[in-house]
Each structure stands twice: as C-alpha cells, then as structure tokens.
Amino acid sequence: MIRLHNVTWRHAGQMRGRRGETLSALTSISFTVPQGEFRWLLGPSGAGKSSLLRLLHLETLPASGEFELLGVDIRPAVGRSVLARLRQRIGMVHQDFRLMPTLSVADNVALPLRLQRRHETDVSTEVDAILNWVDLAARKGARPAELSGGEQQRTAIARAVVARPDLVLADEPTNALEESQASRVIAMLREISAMGTTVIVATHNDALVRRFPAQALRLEHGRLVSNE
Ligand SMILES: Nc1ncnc2c1ncn2[C@@H]1O[C@H](COP(=O)(O)OP(=O)(O)OP(=O)(O)O)[C@@H](O)[C@H]1O
Ligand SMILES: [Mg+2]
C-alpha cells in the first residue's frame, strides 16, 4: 500500500518564488493506493508528476507530512539500508530512461536481478523472456547509444519489471513508442497490477488513458486536484 497524508516537498532551489512566496513542487498531497491497484498520474507539464514519482521511488524524502510505502513508515529516521532494500522492491521507468551507457541491453535489464543476487542461469532465463516480450531479443548485445529512443524506452521498461517488483512507477513510459507498442506496454502493466503489483503511470497521452480506463491521480501546480 501507498499512503500519503499532507505530504509537501520542494526542490532545493525552489524555496521562494519571485514575489517571495513559498513554492513547492508538491503541496499537501494526500492519497492512498491499495496494493495491486493501477493508477494513472495526470496533469499538465510542470504539475509535479515526475517529482511525485521520485518521492515514491525514495530518491528524496518529504519535507513534511506522513508517508507510508510497502508497509514501511518513511521518515528521516529510517536507515539508508532499509531505504535501499525497499527500493529493490520498486521498478522505475524514468522519463529520461537512465540506462547504464557502458552496459549492454541484456546487462541493463539484468541489473535488478543481480542486485538480488539471483543465480546467473535464472538471470539469463528471466532477461531473455522479458526481452522477447518487449521485442528486443535481437538487440540484447547492443549498448544504449546504439538504440533508437523507442528501443531505449522498452529496455527501461523491461528493467523496471524483470524482478517482479511490488511497485512499478513509470514516468511517461510510452512517449517514445508508436501507438501499438504503447498499448502493448500499458496492457502489460495492467496485467502486472492484476497479479498484485501496484502500478502508477504518468502520462500526457489522453488517447491511451481513454483506451485503458482506470482511477487517476490528477496534479495541478503541485496539488492533487482529483483522485477518481
Ligand atoms: N531540479 C529542479 N530544481 C528546481 N525546480 C525544479 C527542478 N525540477 C523540476 N522543478 C520544478 O518543479 C515543478 C514540478 O516539476 P515536475 O518535473 O515534477 O513536473 P511534471 O509534471 O513531471 O512535468 P512534465 O509533464 O513536463 O514532465 C516544476 O515547476 C518544475 O519547474
Ligand atoms: Mg515529468
């Protein structure tokens, strides 16, 4: 489960606006997502979608408010090792992919499994299966710089889901994909959530949201303006 109550968070350089008012990337955010549910995360550019996903990915902690993630009460006193272990249960697709440039597609996708110290025969079976699924089996030896934008994005998606995490966070995971691939990716994320993984997907793609109706968290100016 994810539970936020009155969570506020701001970027380091974002304390004051031009008129001296306090600006926050996220202001008084409260919502709950039960385990295994799917949510769209919507809102105009600059609304705070990526900021909220980074917070849910534990890349940063709230400035104030209550935050519970996967059964852990997240507060500054939580140790780094607890946070690191928790992050291993989260798969994240960043808006800018964040693939490791020196690693092949297969090794990028294998990273979460190797972090879990899974047996190498297991690793190669799981990596091959997921690369087949995202239609990248033929590119498994390529480095990220040799890939198209869509191929990089599918690599990032494969890496986020390969270890069957408890939570998948995806920041505009279909913006580099053609329509049929985008639908396939969302259909897969819906399946993953039906099997018990919580999935949150930020998107600007209204057509995709209409094709896959689901409850949506909607942000505007860092505030949650609807959740239905
Ligand atoms: N590193 C930063 N330092 C200061 N302010 C930032 C930083 N990164 C983002 N912001 C600001 O935080 C707010 C929220 O940004 P965020 O990236 O979360 O929006 P978003 O909803 O993901 O937008 P988009 O749809 O364009 O990806 C914006 O006002 C943005 O200008
Ligand atoms: Mg964003």
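Compared with the direct C-alpha span, the chain from Glu66 to Arg3 gains 21.9 nm at full extension, assuming 0.36 nm per residue.
In segment 74-228, the DSSP beta bridges split such that about 30 percent are antiparallel, to the nearest 5. Remark: the chain carries a charge dipole of roughly 600 debye about the Cα centre, counting +1 on each Lys and Arg Cβ and -1 on each Asp and Glu Cβ. Computed log10 I(q)/I(0) for segment 1-149 at 0.20 Å⁻¹: -1.27, from the Debye equation with unit scatterers placed on every C-alpha and solvent omitted. For the chain, leaving out every one of the trypsin sites (Lys or Arg not before Pro) that falls in a DSSP loop and has at most 12 other Cβ atoms within 10 Å, the longest unbroken run is 118-228. Considering helices alone, the calculated mean residue ellipticity of the chain at 222 nm is -10000 deg cm²/dmol, with DSSP H runs of length four and up weighted by -39500 (n - 2.57) and normalised per residue.
The translational diffusion coefficient of segment 124-166, from Stokes-Einstein at 4 °C and 1.567 mPa s with a Kirkwood hydrodynamic radius over alpha carbon pairs, comes to 123 µm²/s.
Close amide H contacts of Met92 (hydrogens built in the peptide plane, cut-off under 5 Å, sequence separation of 5 or more or a different chain): Leu169. Taking the alpha carbon gyration tensor of segment 120-222, multiplying each eigenvalue by 5 and rooting it gives semi-axes of 25, 17, 12 Å, largest first. In this structure, Val78 and Ser180 have a Cβ-Cβ separation that, at R0 = 35 Å, corresponds to a calculated FRET efficiency of about 0.25.
Under the shape rule built on the C-alpha gyration tensor, where the axes satisfy a ≥ b ≥ c, segment 36-80 is oblate, since a/c reaches at least 1.5 while a/b does not exceed b/c. Counting only whole DSSP H helices of the chain, the ones at least 15 Å long by C-alpha along their axis and with mean Kyte-Doolittle hydropathy no lower than -1.0 are 105-115, 120-133, 149-161, 179-194. Among the GluC sites (Glu not before Pro) within segment 158-192, those in coil by DSSP and having at most 15 neighbouring Cβ atoms inside 10 Å are Glu178.
Rule-based calculations on the coordinates, nothing more; no lab input. On a predicted model such as this, the values are computed, not experimentally measured, just so you know. As a convention, Cβ positions derive from the backbone with ideal geometry for all residues, glycine included, and neighbour counts pool all protein chains shown.
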